[in-house]
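K.L.:
Below you'll find the structure I mean.
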Amino acid sequence: MRREALSHPLAIAGVLVSTASASVCLTLVVAMLAGLLKNPYAGLLVFVALPGFILLGILLVLAGARLWRRRRLEHPNAIDEWPTIDFRRTSVRRATLIVTAIAAVNVAIVLLAGYGTLHWMESPNFCGQTCHTPMRPQYAAWQLATHGRIACVSCHVGEGSGAFIESKLAGVRQLVAMAAHSYSRPIPPGAEMHPGAQAETCGACHQPGRESGDRIRVIREYAEDEASTETITVLQMHLGKTVASERTIHWHADPAVRVEYKATDAERQTIPWVRVTDRTGRTREYAASGSGDTAVPDGSRRTMDCIDCHNAAGHPVAATAEAAVDRAIASARVSRDLPFARREIVRVVKASYPTEDAAMQAIDRDLRRFYETNSQSADSEAVSRAVATARDVYRRNVFPSMNVTWGSYPDNKGHVSAPGCFRCHDDLHKATDGSVISGDCELCHKQIERPGP
């Protein structure tokens with residue numbers, strides 16, 4: 001390309017655009033690597049928008065050069081003339097001042113808008129509603145979870161430039177899948193967190209090695225009889241600090257202990273191999289009967305951390321309709337004075353509906369029809385509360401558009417609706433010395449008898 005070809009106005013504009021974009025891009029990359037740019041969605045600007053402008057500038061240069069050549073072929077003796085700007089004229093100075101002021105205002109507006117956009121893109125509303133429409137089930141569950149005031153990016157984007165870049169590259173792939181509507185329905189459970197989630201993310205608020213002691217957990221369940229009879233199970237949970245004993249839950253997360261495992265599925269529900277390195281440095285390997293260490297390739301080895309058990313801590317979707325309804329009754333959102341309240345609510349929320357709107361209409365209609373037909377004396381206000389609760393339970397756990405229903409997302413904190421603890425604690429994982437990973441229930445908890453009648 002001849003140097004004169006760059007004199008075309010379009011080529012000059014391209015040089016300005018590409019040079020400015022490249023300068024800004026390099027500056028922001030350095031800021032990211034230095035830890036000065038912490039907004040997670042700045043990656044969209046650095047790795048998507050700015051490279052796009054650089055490419056646009058290059059295309060403008062090529063287009064300008066082509067137009068210059070064409071003009072030379074058509075008018076070989078033509079002389080390029082540029083307009084003369086004479087600052088001795090008052091009108092020129094006034095026009096230049098106005099253009100400069102307008103440009104400065106526009107730059108300020110763009111900077112403020114860009115800053116606000118970056119903050120908006122890291123908000124849970126953006127993650128759950130605006131862009132990440134497939135994540136609506138997780139967003140609905142997040143709102144009621146214990147982490148409901150913690151932004152999505154606080155957990156799903158790791159510390160440091162490496163985790164940041166990795167998460168943004170994954171985001172680009174997800175963006176393409178969204179645009180092509182090629183994402184899974186439902187979004188697969190067990191979405192990968194960044195490496196070091198326990199130390200960098202969970203550990204920012206929680207302290208795995210802290211003394212926790214025992215805690216009491218009360219589980220309320222209800223029968224499907226007319227009175228929705230309540231059954232209470234009281235468990236003494238051995239959280240503890242694990243200096244002297246492995247018979248506590250948070251021993252698995254003790255920073256001085258290393259638990260490695262291999263899984264045969266993406267959801268990590270089947271674990272045939274475990275290796276434990278205790279506080280003294282002693283290592284012991286356990287393999288499920290008949291599997292051996294060769295059952296899973298080495299590349300799938302993972303070090304256990306918080307989210308291997310608390311996999312649904314950020315956005316728990318109820319594993320069963322029964323559990324969701326039991327929680328609603330226990331919180332007094334449904335009156336047990338309604339005959340067969342538990343049975344009927346479970347029935348309507350477990351039914352299959354084509355859309356959420358159809359579900360809302362059917363739940364209202366079927367519950368009211370049941371009590372009008374079978375219990376005319378039922379309190380109408382209690383029936384209305386039961387209908388509202390049933391609809392809310394369904395709306396927060398079932399999403400027909402994403403094929404999310406009861407059991408779509410297993411919860412590994414326990415062993416009631418999913419294997420959970422029993423993925424390893426099944427008395428079938430044996431070491432070469434004959435020891436096993438015990439399935440003794442009292443490793444984690446002790447049942448306390450309910451006092452009184």
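K.L.:
Can you pull out the residues in segment 1-43 that are modelled with pLDDT under 65, loosely packed, with under 14 Cβ neighbours inside 10 Å and in a helix (DSSP H, G or I)?
P.N.:
3, 4, listed by residue number.
K.L.:
Does segment 54-71 contain at least one residue that is in a helix (DSSP H, G or I), under 33 Å from the mean Cα position of the chain (by Cα) and modelled with pLDDT of 80 or more? Quick ask: steps written out before the conclusion?
P.N.:
Taking segment 54-71 first, the residues in a helix (DSSP H, G or I) are 54-71.
Still in the list and also under 33 Å from the mean Cα position of the chain (by Cα): 54-55.
With modelled with pLDDT of 80 or more added as a condition, the list becomes 54-55.
Yes: one or more hits.
K.L.:
Give me a count of the residues in segment 329-351 that are within 30 Å of the chain's Cα centre (by Cα), touching a residue at least 40 places away in the same chain (Cβ under 8 Å) and not in a helix (DSSP H, G or I).
P.N.:
Count: 1.
K.L.:
Got a number for residues in segment 286-323 being in a helix (DSSP H, G or I) and at pLDDT 90 or above?
P.N.:
Of the residues in that region, 3 qualify.
K.L.:
Additional query: Return only the number of the condition from (1) within 22 Å of residue 133 (Cβ to Cβ); (2) at pLDDT 90 or above; (3) among the aromatic types (Phe, Trp, Tyr) that residue 371 does not satisfy.
P.N.:
Evaluating residue 371 over (1) within 22 Å of residue 133 (Cβ to Cβ); (2) at pLDDT 90 or above; (3) among the aromatic types (Phe, Trp, Tyr) leaves (1) as the failure.
K.L.:
Which count do you get for residues in segment 423-448 that are surrounded by 15 or more Cβ atoms within 10 Å (Cβ to Cβ), within 14 Å of residue 273 (Cα to Cα) and either of a type in the set (A, V, I, L, M, F, W, C) or modelled with pLDDT under 85 (or both)?
P.N.:
Number satisfying all stated conditions: 4.
K.L.:
Right, here's the next one. Can you tell me which residue in segment 394-443 is farthest from residue 234 (Cα to Cα), limited to those that are in contact with a strand residue (DSSP E or B) (Cβ under 6 Å, 6 or more places away or on another chain) and assigned to a loop (DSSP other than H, G, I, E, B)?
P.N.:
431
K.L.:
Could you say which residue among 302, 369, 343 is basic (Lys, Arg), over 25 Å from residue 146 (Cα atoms) and assigned by TED's automatic domain parsing to the domain that holds residue 259?
P.N.:
Numbers: 369 fails: assigned by TED's automatic domain parsing to the domain that holds residue 259; 343 fails: assigned by TED's automatic domain parsing to the domain that holds residue 259.
On inspection, the qualifying residue turns out to be 302.
K.L.:
Here's another thing I want to ask about it. Against the conditions (1) part of a helix (DSSP H, G or I); (2) modelled with pLDDT under 75, where does residue 84 fall short? Just the number, please.
P.N.:
(1)
K.L.:
Within segment 231-240, identify whether any single residue is at pLDDT 85 or above and in a loop (DSSP other than H, G, I, E, B), and answer yes or no.
P.N.:
Taking every residue of segment 231-240 in turn, none turns out to be at pLDDT 85 or above and in a loop (DSSP other than H, G, I, E, B).
K.L.:
Another question about this same structure. Only one of 108, 113, 95, 141 is modelled with pLDDT of 75 or more and more than 26 Å from residue 205 (Cβ to Cβ); which?
P.N.:
95
K.L.:
Out of all the residues in segment 411-420, is one or more touching a Phe, Trp or Tyr at 6+ places or on another chain (Cβ under 9 Å), at pLDDT 85 or above and either surrounded by fewer than 20 Cβ atoms within 10 Å (Cβ to Cβ) or over 25 Å from residue 265 (Cβ atoms) (or both)?
P.N.:
yes
K.L.:
Let me ask something additional. Name the one entry in 357, 326 that is part of a helix (DSSP H, G or I), of a type outside the set (A, V, I, L, M) and in contact (Cβ under 8 Å) with a residue 24 or more places away in the chain.
P.N.:
326
K.L.:
I've got another one for you. Residue 125 passes all but one of (1) at pLDDT below 75; (2) farther than 30 Å from residue 391 by Cβ; (3) part of a helix (DSSP H, G or I); which number fails?
P.N.:
Checking residue 125 against (1) at pLDDT below 75; (2) farther than 30 Å from residue 391 by Cβ; (3) part of a helix (DSSP H, G or I), the one that fails is (2).
K.L.:
Yes or no: segment 385-398 includes at least one residue that is more than 18 Å from residue 328 (Cβ to Cβ) and crowded, with 20+ Cβ neighbours inside 10 Å.
P.N.:
Just the residues of segment 385-398 that are more than 18 Å from residue 328 (Cβ to Cβ), to begin with: none.
No, because not a single residue in segment 385-398 is more than 18 Å from residue 328 (Cβ to Cβ) and crowded, with 20+ Cβ neighbours inside 10 Å.
The values are calculated or read from the model by the stated rules, or taken from the named source; none is laboratory data. No experiment lies behind these values; they were computed from the predicted model shown. Methodologically, a virtual Cβ is constructed for each residue, glycine included, from the backbone with ideal geometry; neighbour enumeration extends over all protein chains shown.
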